[in-house]
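Have a look at the structure below, then the notes.
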Amino acid sequence: GAKHDVAQQARVLTTLAGTARVRNVRPAGDLVAALRPLIEGRNDELRAEAIRLAGIWKLETFRPAAKAAALDGNASEKMRRAAVDALASFGGDTSKATLSRLSTDGPPSIQSAAIAALCGLDLNAAARLAGESFARLSDETALSEIFTAFLQRQGGAAALAKVLASATRQKHAA
């Protein structure tokens with residue numbers, strides 16, 4: 001049935017994303033035309049996977065859609081987190097600005113996803129935002145996601161430690 005088709009399509013998109021990340025492979029043909037109906041469609045799971053894939057494939061046509069979805073407070077968490085991933089994949093100053101904004105605004109899972117995504121674009125800015133978030137966030141899953149993102153990145157633990165040490169010194173000075 002239709003539900004089975006959607007699940008299968010979502011799996012195919014996830015597989016394509018994994019292949020693109022690991023082997024840097026993307027299919028031939030008009031990828032914008034292939035993804036557009038999924039990104040503009042009604043199915044949240046397909047939209048999320050398609051927007052993530054658009055970022056991995058660097059299909060700039062979809063950057064505005066990724067930004068809009070990431071900032072949309074009415075969108076599902078899955079959609080917003082996929083859009084955050086897409087923005088990280090697109091990279092650049094506009095993505096950095098949007099991710100910085102999201103790292104201090106919205107639900108904890110979106111803040112943590114934005115900080116984790118920023119680790120790949122600007123490690124020091126991400127560390128500064130992470131340090132600020134630790135004072136604000138109490139969501140254990142979000143905090144764990146942030147720590148993991150830094151630990152998985154070369155120089156991440158050092159960047160985070162530097163920010164945290166600085167915050168501790170400032171607190172003691174006050």
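Report the charge-dipole magnitude of segment 19-174 in Debye, nearest 20, computed about the Cα centre from +1 at each Lys and Arg Cβ and -1 at each Asp and Glu Cβ. Walk me through the numbers before you get to the answer.
Details: 21 positive and 16 negative charges, 80 e Å.
Its charge dipole is roughly 380 debye.
Ordered by packing density, taken as the mean number of other Cβ atoms within 10 Å over each peptide's residues, highest first, how do 11-17, 108-114, 143-149 rank?
Working: 11-17: 16.0, 108-114: 23.6, 143-149: 18.0.
Per-residue Cβ counts within 10 Å, averaged per peptide and sorted highest first, yield 108-114, 143-149, 11-17.
Taking the Cα atoms only, what angle lies between the long axis of helix 156-173 and the longest principal axis of the chain, rounded to 10 degrees?
Helix 156-173 and the main axis of the chain meet at about 40 degrees.
Using only Cα atoms, find the angle between the long axis of helix 2-23 and the longest principal axis of the chain, and express it within 0 to 90 degrees, rounded to the nearest 10.
Once rounded, the angle reads 60 degrees.
Just to confirm, what accessible area per residue do you get for the chain at 1.4 Å probe, in whole Å²? List each step's numbers first, then the result.
Values: 9510 Å² over 174 residues.
That works out to 55 Å² per residue.
Rounded to two decimals, what is the ratio between the C-alpha radius of gyration of the chain and 2.2 N^0.38 Å? Before the final figure, lay out the partial values.
On the way: Rg = 17.3 Å, N = 174, 2.2 N^0.38 = 15.6 Å.
Against the compact-globule rule of thumb, the ratio is 1.11.
Compute the Rg to Rh ratio over segment 1-91 from the alpha carbon atoms, using the Kirkwood formula for Rh, and round to two decimal places. Mind dumping the intermediate values first?
Working: Rg = 12.2 Å, Rh = 12.9 Å.
Looking at segment 1-91, the ratio lands at 0.94.
Taking the Cα centre of segment 16-61 as origin, sum charge times position over the Cβ atoms of Lys and Arg (+1) and Asp and Glu (-1), and report the length of that vector in debye to the nearest 20. Display every interim value, and only then the final one.
Numbers: 8 positive and 6 negative charges, 40 e Å.
Taking the Cα centre of segment 16-61 as origin, the dipole is about 200 debye.
Farthest toward the dipole's positive end in segment 1-75, which of Ala69, Ala20, Ala10, given Cβ charges of +1 (Lys, Arg) and -1 (Asp, Glu) about the Cα centre?
Ala20
Which value at 222 nm does the chain reach when only helices count, each DSSP H run of 4 or more adding -39,500 (n - 2.57), with the total divided by all residues and rounded to the nearest 500 deg cm²/dmol? Show your work: numbers first, answer last.
On the way: 10 runs with 133 residues, N = 174.
The helix contribution divided over the chain gives -24500 deg cm²/dmol.
Expressed as cubic angstrom per residue, what is the convex hull volume of the alpha carbon set of segment 89-171?
84 Å³
The values are calculated or read from the model by the stated rules, or taken from the named source; none is laboratory data. Since the model is a prediction, treat every value here as computed from it, not as a measurement. All Cβ positions, glycine included, derive from the backbone under ideal geometry; neighbour counts span all protein chains shown. Heavy atoms of the whole protein, side chains included, go into the accessibility calculation; ligands, DNA and RNA do not. Shrake-Rupley method; radii C 1.70, N 1.55, O 1.52, S 1.80 Å.
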